[in-house]
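Visitor: To start, I am sharing the structure in question, which I have written as structure tokens.
The values are calculated or read from the model by the stated rules, or taken from the named source; none is laboratory data. The structure displayed is predicted, hence computed values, not measured ones. When we count neighbours, we look across all protein chains shown, and the Cβ atoms used for this are built from the backbone with ideal geometry, even at glycine. The area values use the complete protein model at the heavy-atom level, side chains included, leaving out ligands, DNA and RNA. Shrake-Rupley method; radii C 1.70, N 1.55, O 1.52, S 1.80 Å.
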Amino acid sequence: MTDESTPEFQIALSAFNGQAFTALVGATLKRFGAGIAVIDVPHRPELLQQHGYLHGGVIAYAIDNATTFAAGTVLGTNILTAGISIVYLRPAASAITATATVVGKTRRQAVVNCEVHSTDADGRDVLVATGQGTATLVER
């Protein structure tokens, strides 16, 4: 895990906080380093669908961003998402945490698994979605 005081975490945090959509959603980068990224997203009225659950697009954002940031820990900063897949298991009735872990990499790509957890009405941790993403290096 990268400590928040390290230059690597500060660079990642600057990039994360520099995303306008991230600010709109209100997400926070909680962990970054050694093939792992963790992102928290709050449960706010602006992010809900008609039944009061977090919108699936917000969960997709969390998976996309967490997987790409995790990939950035092994590929560097010049990367973009090449693709993600998502399986929604249950509605998110509270804030979510997306934890992404690199499971394989080449010189130009990283494959990342992600789990999204929330808390149910009884206060238990529940898995609400899983995803897999690929990030790839881009030429600049």
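Visitor: Which one of these is open to solvent by less than 40 Å² (accessible area, probe 1.4 Å) and more than 16 Å from Phe16 (Cα to Cα): Gly35, Gly72?
Guide: On inspection, the qualifying residue turns out to be Gly35.
Visitor: Under 8 Å between Cβ atoms, which residue pairs at least 6 apart in sequence (or on different chains) link something in segment 90-104 that is among the charged types (D, E, K, R) with a partner that is open to solvent by less than 60 Å² (accessible area, probe 1.4 Å)?
Guide: Arg90/Val126; Arg90/Leu127; Arg90/Val128
Visitor: When you scan segment 104-123, how many residues do you find that are over 17 Å from Leu54 (Cα atoms) and not aliphatic (A, V, I, L, M)?
Guide: Result for segment 104-123: 9.
Visitor: Quick check on this structure: which one of Thr101, Thr73, Thr97, Thr77 is under 21 Å from Leu29 (Cβ atoms) and modelled with pLDDT under 95?
Guide: Thr77
Visitor: Now for a separate question. Tell me, yes or no, whether segment 9-19 has at least one residue that is open to solvent by less than 70 Å² (accessible area, probe 1.4 Å) and among the hydroxyl-bearing types (Ser, Thr, Tyr).
Guide: No, the conditions are met nowhere in segment 9-19.
Visitor: Of the residues that sit in segment 95-140 and are under 19 Å from Asn78 (Cβ atoms) and part of a loop (DSSP other than H, G, I, E, B), which one is least open to solvent (accessible area, probe 1.4 Å)?
Guide: Checking each candidate, the answer is Val138.
Visitor: Looking at segment 38-63, which of the residues that are in contact (Cβ under 8 Å) with a residue 12 or more places away in the chain and open to solvent by 50 Å² or more (accessible area, probe 1.4 Å) is farthest from Leu13 (Cα to Cα)?
Guide: This residue is His51.
Visitor: Here is a follow-up. When segment 108-122 is examined, which residues are found to be modelled with pLDDT of 95 or more, more than 15 Å from the chain's Cα centre (by Cα) and not β-branched (Val, Ile, Thr)?
Guide: The answer is Arg108, Gln109.
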